[in-house]
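Peer 1: So that we are looking at the same thing, I have put the structure below in structure tokens.
The values are calculated or read from the model by the stated rules, or taken from the named source; none is laboratory data. Note that this is a predicted model, so its numbers are computed, not measured. Every residue, glycine as well, gets a Cβ built from its backbone with ideal geometry; the counts of neighbours run over all protein chains shown. These accessible areas exclude ligands, DNA and RNA; they are computed on the full protein's heavy atoms, side chains included. Shrake-Rupley method; radii C 1.70, N 1.55, O 1.52, S 1.80 Å.
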Amino acid sequence: MNLHDILQTPDEHVRFAVYLDKLQQVAVPDEVDLVARVLTDPDRTMAQSAVLRHLDGRAAYLHPGPGYEAWAQAMTQATIDHPFLAQRLREWSLLRAISLKLPWQPGDLLESSNWLQLKTAAGTNTEAIEILAEAGRTKRIRHAARTSLNHRSVS
């Protein structure tokens with residue numbers, strides 16, 4: 001099924017599943033084009049959801065390694081007209097910096113989404129976890145960070 005045929009399918013659930021399948025199988029050189037084409041679907045929310053799943057999966061796999069930077073830059077261009085997706089990519093880059101102990105700013109972490117703060121609270125950077133234990137966005141985040149710190153002190 002090509003993308004033109006997919007767009008002719010009226011059921012967004014079917015299109016979503018097909019998009020996920022295509023995104024999972026896409027060759028690296030074709031990834032940016034496919035992401036951009038999926039984002040042309042008339043059901044903007046569904047298309048963004050499919051791309052978000054793809055971005056999260058690829059970023060989780062790539063973020064510790066050297067290939068992440070080029071991939072994230074390419075995906076940023078493909079998602080530039082989609083603020084939520086662009087924000088998620090920025091947050092993956094911040095998570096990468098925090099996880100790999102690269103330069104990052106505490107203010108960026110404190111201004112980030114609950115998603116990133118929870119991911120960071122479950123991570124390994126003690127400085128970031130301490131910041132979230134003290135000033136995380138929600139009680140849930142502060143609790144998760146304190147619990148993570150307590151587990152570290154027991155281990």
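Peer 1: Which of the aspartates and glutamates could be linked to K139 by a straight reach, that is with a Cα gap under 13 Å, when you skip same-chain ones fewer than 8 residues away?
Peer 2: Cross-link targets: none qualify.
Peer 1: Could you tell me, in Å, what Rg and Dmax come out for the Cα atoms of segment 1-141?
Peer 2: Both quantities, over Cα of segment 1-141: 16.6, 52 Å.
Peer 1: Below 11 angstrom from the Cβ of A78, what's the summed charge of the other residues (Lys, Arg +1; Asp, Glu -1)?
Peer 2: Taking every other residue near A78 into account, the sum is -2.
Peer 1: How would you classify segment 102-155 from its alpha-carbon gyration tensor, with a ≥ b ≥ c the square roots of the eigenvalues: rounded for a/c under 1.5, else prolate if a/b is greater than b/c, otherwise oblate?
Peer 2: Oblate, because a/c is 1.5 or more while a/b does not exceed b/c.
Peer 1: While we're here: With every protein chain left in place, what is the accessible area of D33 in Å² (1.4 Å probe, nearest 10)?
Peer 2: Approximately 80 Å² for this residue.
Peer 1: If one takes the longest principal axis of the Cα atoms in the chain, at what angle in degrees, from 0 to 90 and to the nearest 10, does the Cα axis of helix 44-62 lie?
Peer 2: So the inclination is approximately 50 degrees.
Peer 1: Kindly state, as a whole number, the per residue volume in cubic angstrom of the convex hull around the alpha carbon atoms of segment 37-95.
Peer 2: Output value, Cα hull per residue: 68 Å³.
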